[in-house]
Amino acid sequence: MSGESVIKHLDEVVDDFARTVPFFYEPLTRGRAITFVEQHRLNTRQRNTVLKLRVATNCPDWEVRTNILKGCTQEAIADSEYGGGKAHWEILQELGTYIDLELSEIQAAEPLKSTRLCWLAWDSLMSNTHWLEGLIANTCAERVNVPGYGLGLVREKGWFGMERERWRQLFSLTDEQLDFFSLHTEADIEHSDLGWNTVAKHATNLGMEDAVVEACRLNLVVWGQYLQGIADYGDLRD
Ligand SMILES: [Fe+2]
Ligand SMILES: [Fe+2]
């Protein structure tokens, strides 16, 4: 398999995920939105201070390793490029306050059982695996924020581009208040390109073509479960 055809396979796997996750196509509700803010704030912090760093540790390529750290820094500490100096989870908790949640309430939220299970599953896919498989684990879900996968508005604007539209409609928010979603279209092109370009460059030489495609598929299975956990708890809340 050439680098190009590995990318084609990865794109197919992401497209299949983007077409079949119910969360993307079922209506957004207040309960689901609140649960998304609480869980995704925690999830972003866990992934970018624990899980993705395990991949960086295993990565022998200095440039790739430091680029992983750069992405994690934007998510977990401060993003001066796309986020006005704030970490992405901070911008997400602000979004929560625009839908009338108390900051203290958001900060007190615990991970759902489903979220905890996903962290364990991702840990097994990111901690002791080959760095190229880990890199796909780091970047495959951010790829869905890039337009061109899935159906309808998801395909046209990317997952978070679609979220931006439905959050605007449900809560009558301004462009500025919806910044969490807009910043990701740009930031995640950069974050996910790191995975896609590196795989194109190294997968064939390392004989990892099938392994990275399978890693992508498995990681997205876990992402599907994570989002279903948010949907189910959100529906209970509603
Ligand atoms: Fe982010
Ligand atoms: Fe990102």
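The values are calculated or read from the model by the stated rules, or taken from the named source; none is laboratory data. Computed from a prediction, not measured in an experiment: that's the story for all the values here. Quick reminder, even Gly has a Cβ in these numbers, built from the backbone with ideal geometry, and neighbours come from all protein chains shown.
Numerical summary
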quantity: Helices (runs of 4 or more DSSP H) completely within region 125-173 that count 1 or more residues being more than 23 Å from E63 (Cβ to Cβ), in contact with a helix residue (DSSP H, G or I) (Cβ under 6 Å, 6 or more places away or on another chain) and more than 14 Å from ligand 2 (Cβ to nearest atom); calculated: 152-157, 159-171
quantity: Extreme residue, surrounded by the most Cβ atoms within 10 Å (Cβ to Cβ), among residues of region 53-72 that are touching a residue at least 40 places away in the same chain (Cβ under 8 Å) and more than 21 Å from H184 (Cα to Cα); calculated: V55
quantity: Selection from region 76-88 of residues that are closer than 16 Å to E176 by Cα and in a helix (DSSP H, G or I); calculated: H88
quantity: Of residues in region 190-214 being of a type in the set (G, A, S) and surrounded by 16 or more Cβ atoms within 10 Å (Cβ to Cβ), the one farthest from W62 (Cα to Cα); calculated: A211
quantity: Among residues of region 135-176, those that are under 17 Å from F36 (Cα atoms) and among the β-branched types (V, I, T), counted; calculated: 1
quantity: Of all residues making up region 89-109, the number that are in contact with a helix residue (DSSP H, G or I) (Cβ under 8 Å, 6 or more places away or on another chain) and assigned to a loop (DSSP other than H, G, I, E, B); calculated: 3
quantity: Count - residues of region 189-213 that are touching a residue at least 60 places away in the same chain (Cβ under 8 Å) and either more than 15 Å from ligand 2 (Cβ to nearest atom) or in contact with a Pro (Cβ under 8 Å, 6 or more places away or on another chain) (or both); calculated: 14
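Yes or no, residue by residue, for (1) closer than 27 Å to M208 by Cα; (2) modelled with pLDDT of 95 or more; (3) touching a Gly at 6+ places or on another chain (Cβ under 6 Å); (4) within 16 Å of ligand 1 (Cβ to nearest atom):
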{"site": "L92", "(1), (2), (3), (4)": "no, yes, no, yes"}
{"site": "Q107", "(1), (2), (3), (4)": "no, yes, no, no"}
{"site": "E110", "(1), (2), (3), (4)": "no, yes, no, no"}
{"site": "V144", "(1), (2), (3), (4)": "yes, yes, no, yes"}
{"site": "R166", "(1), (2), (3), (4)": "no, yes, no, no"}
{"site": "F171", "(1), (2), (3), (4)": "no, yes, no, no"}
